[in-house]
1. Do the conditions hold for residue A:83, that is, is it away from every other protein chain (no Cβ under 11 Å) and in contact (Cβ under 8 Å) with a residue 12 or more places away in the chain?
2. Take the residues of the stretch B:227-260 that are farther than 18 Å from residue B:19 by Cα and free of Cβ contacts under 8 Å to residues at least 40 places away in the same chain: which is nearest to the other protein chains (Cβ to nearest Cβ)?
3. When you look at residue B:70, is it within 12 Å of chain A (Cβ to nearest Cβ), part of a helix (DSSP H, G or I), under 20 Å from residue B:171 (Cβ atoms) and in contact with a helix residue (DSSP H, G or I) (Cβ under 8 Å, 6 or more places away or on another chain), yes or no?
4. If residue A:245 satisfies all but one of (1) over 15 Å from residue A:15 (Cα atoms); (2) assigned to a helix (DSSP H, G or I), what's the number of the condition it fails?
5. Collect the residues in the stretch A:180-195 that are crowded, with 18+ Cβ neighbours inside 10 Å and within 7 Å of chain B (Cβ to nearest Cβ), keeping them in residue-number order.
6. Counting just the residues of the stretch B:4-19 that are more than 8 Å from chain A (Cβ to nearest Cβ) and without any contact (Cβ under 8 Å) to a residue 60 or more places away in the chain, which one comes out farthest from residue B:256 (Cα to Cα)?
7. With the requirement that a residue be more than 11 Å from chain A (Cβ to nearest Cβ) and not in a helix (DSSP H, G or I), what does the stretch B:185-217 give you?
8. Whether any residue in the stretch A:38-57 is surrounded by fewer than 12 Cβ atoms within 10 Å (Cβ to Cβ), away from chain B (no Cβ under 14 Å) and in a helix (DSSP H, G or I) is what I want to check.
């Protein structure tokens, strides 16, 4: 059998098995789920072994004589001492090295990229209010750079930050500001939820598009045959479960 | 039990069937609803259009088959555009689980455009380290990727002529489905080595990346299947994303209708309960 055709049958069958969970939890779904996890982990292990162990460690050391690579290899091997209780303390050197390098790389860059740049972008547009011809104010909701939107963003950021400020009680004018923050948060959550729905539907569209493609005669119509088989298997499993004596009857 | 109560306790499988049909029917019988181009997708397209031939275009395919329906059409559209513009394409991935898929994608698009491996494009594959790979590439591309996916030495490849680090990349696009992805490319790549960067992402991630877009940290954003459909429309090669947009619109409409109906039943039940309590008192 052609590999493409075999792949089509596998993909269709596993998709239908996963979708069968929408009816109820069943052995077909569990089979597909375990296969997915197993194949993903197996693929990652094989790829990592080939790309890292063989191409970046073994070959350079033995073929090109790059013995300096033994230093990172030794640090990496120290991590495995976690499995030997008496030598587990040695793994701390490896973790200290990794945490140190990771923090050193990440902290300054993250502060610069996410905190400072974002604060700058929230405040800087206010300067655009004062142009060469005095103070001007542009009103255009569709243009993110318009002054009206700048003011809305500033109000939104300030009120949301105030909402998460718990050192004073949200009373009086503070309550109004906190409520405004909640309004902005709800709007943001709504937008995020809309995008999430779109993403999930896109995944469904992707699977269904493949299944429509695999209903073609050139593949042997796996979509049709496997749909019938899956429904029959589900019906059989349900009937068997119904006929099983309940624990109270035994 | 009143009608509203029965409707609010409806079997969830009926809703699954409704959503399934709303997705399947437009795929089988497309209507061809118009697709409006958003400014964030247009800016990626415009920047690509402005690049002279033989500029270095880096495409980081940072996703795996789990996000394929959304990000694969984006990658296809971007590669078609890059090859049509005769750009030098340098493709890679930061996700080990997406390596095979990425290689297949790049090879297929290059064959479609009649491009030669090593001369017009290269697929570098995957290298361990996540964000550290980006920093390594910024210092020296050849230490991060001494060989390409096929095992050929990257030094001396015609496609990488004059390219020593990320500073020599004209335009980079990261199609990310998580970490490391677009944010890592900005933090450890663009912010440090100063090259123009755009992002493509799944729908779930898009709201989180808009702040980077508005502040100019990335120059464009292709969000989810919709973004891919917009890009396909812009390059004039409609593919899987455009085909899926009718289904997307139909399911959105179905969900809106379901939310409205459920709210109506919920408020009608509350009103009934209020009236009953008034009568009893």
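1. Details: away from every other protein chain (no Cβ under 11 Å): yes; in contact (Cβ under 8 Å) with a residue 12 or more places away in the chain: no.
Taking the combined requirement at face value, the residue does not satisfy it.
2. B:238
3. Working: within 12 Å of chain A (Cβ to nearest Cβ): yes; part of a helix (DSSP H, G or I): yes; under 20 Å from residue B:171 (Cβ atoms): no; in contact with a helix residue (DSSP H, G or I) (Cβ under 8 Å, 6 or more places away or on another chain): yes.
Spelling it out, it is not the case that residue B:70 is within 12 Å of chain A (Cβ to nearest Cβ), part of a helix (DSSP H, G or I), under 20 Å from residue B:171 (Cβ atoms) and in contact with a helix residue (DSSP H, G or I) (Cβ under 8 Å, 6 or more places away or on another chain).
4. It is condition (2) that residue A:245 fails.
5. Within the stretch A:180-195, just A:195 meets the criteria.
6. Filtering first and then ranking leaves B:6.
7. B:194, B:195, B:196, B:197, B:198, B:199, B:200
8. Scanning the stretch A:38-57, I find no residue that is surrounded by fewer than 12 Cβ atoms within 10 Å (Cβ to Cβ), away from chain B (no Cβ under 14 Å) and in a helix (DSSP H, G or I), so the answer is no.
The values are calculated or read from the model by the stated rules, or taken from the named source; none is laboratory data. Owing to the predicted nature of the structure, the values given are computational and were not obtained by experimental measurement. Quick reminder, even Gly has a Cβ in these numbers, built from the backbone with ideal geometry, and neighbours come from all protein chains shown.
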